[in-house]
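One structure is given here, and the rest of the page talks about it.
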Amino acid sequence: MKVTCHVIKDMLPLYSENMLSEDSCKMVEEHIEQCQNCKNDLNDMRTFNEVPVNRDVSPLLKIKSTLRKKKIQTVILSVLFSMIFFIVAFAFLTEPEYIPYNERSVTINEIGNGSVLAQFDDSINGYDIDKYLTDDGYVYHVTTWTNIWNRNIKKSHINNTLLNPNGENVTSVYYYNAGVSEDVLIFGQEIEPDGGVITLPRLNLSYYVIIAAGLAIVSGLVMLINRRNKTVFTFSLKLFFLPVAYLIAHLLIKGFTSTSYAAIRDFYLILLIVMPLYSAFILMWHLTSNYKNNKTLL
């Protein structure tokens, strides 16, 4: 019986894999000796056409570099926010808690040769002393404070201090109660016999808040006007981040209050937060921009 090409072609895959019986193999071989078309089909099956492999690894290296960069940026961002957290925690723990005047908190004594000594109670962890010159001599304003850190964690006490180590003439020493009431005269003569003396908090931080808010508004307007100009927009955005970082840092340290009896301390703490916070803003902006660019490419 003559076998058709259709039957042989159905058997060729099995034949090429040596999966036919001996009789079937013999039948296929006899046919392909007579049929060139089937023989060509068999040769095609036996020919292994290797699929070309793209050996260019540069895209993979680029992906690896991008992932490594993102990982580093994420670590840096975590470090920056950790720094902010620890600074805020330190500010909270060391925030001065001003102590209202009592006779035990501080005593002023003249010890000879015109020297005036301030002696503090053991419960006092810190003090502030301001002085200014009058026609009769120097007037001193003293206050004392404690804080959570010194009271509960690092228990420490302050030493007595000499108010006039250079022999200044001490006219008066007042104890100010940090906005609670009028200053209390604890040594010397009253400089305002017709009225009380009140030590007011510093307003420096208020001015800085106003400047920062103004700069944020101006840079924000510049961004809005030049949103199509990439160079100007980028510059104004980076400038915008700076006052915003200051305002947030002020909020973290002082809340919604802008007056302070420890303005220098508070200002330095605010600056310590501004630096990592501003860096975090810039880094987050870069991460967001890269994400948007990659999403656009996809």
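The values are calculated or read from the model by the stated rules, or taken from the named source; none is laboratory data. Owing to the predicted nature of the structure, the values given are computational and were not obtained by experimental measurement. Methodologically, a virtual Cβ is constructed for each residue, glycine included, from the backbone with ideal geometry; neighbour enumeration extends over all protein chains shown.
In the set LEU117, LEU162, LEU200, only one residue is exposed (fewer than 12 other Cβ atoms within 10 Å of the Cβ), touching a residue at least 12 places away in the same chain (Cβ under 8 Å), of a type in the set (A, V, I, L, M, F, W, C) and farther than 25 Å from SER260 by Cβ; that residue is LEU162.
Selection of segment 254-272 for residues being surrounded by fewer than 18 Cβ atoms within 10 Å (Cβ to Cβ) and hydroxyl-bearing (Ser, Thr, Tyr) yields THR257, THR259, TYR268. Among the residues of segment 223-253, those identified as within 30 Å of THR199 (Cβ to Cβ) and surrounded by 19 or more Cβ atoms within 10 Å (Cβ to Cβ) are TYR246, ALA249, HIS250, ILE253. Looking across segment 36-71 at every residue that is surrounded by fewer than 10 Cβ atoms within 10 Å (Cβ to Cβ) and among the hydrophobic types (A, V, I, L, M, F, W, C), the one that is modelled with the lowest pLDDT is identified as VAL51.
For MET275, the requirement of being surrounded by fewer than 18 Cβ atoms within 10 Å (Cβ to Cβ), at pLDDT 95 or above, under 17 Å from the mean Cα position of the chain (by Cα) and not assigned by TED's automatic domain parsing to the domain that holds VAL142 is met. Within segment 165-179, the set of residues being assigned to a loop (DSSP other than H, G, I, E, B) and surrounded by 11 or more Cβ atoms within 10 Å (Cβ to Cβ) comprises GLU168, ASN169, TYR176, ASN177, ALA178, GLY179.
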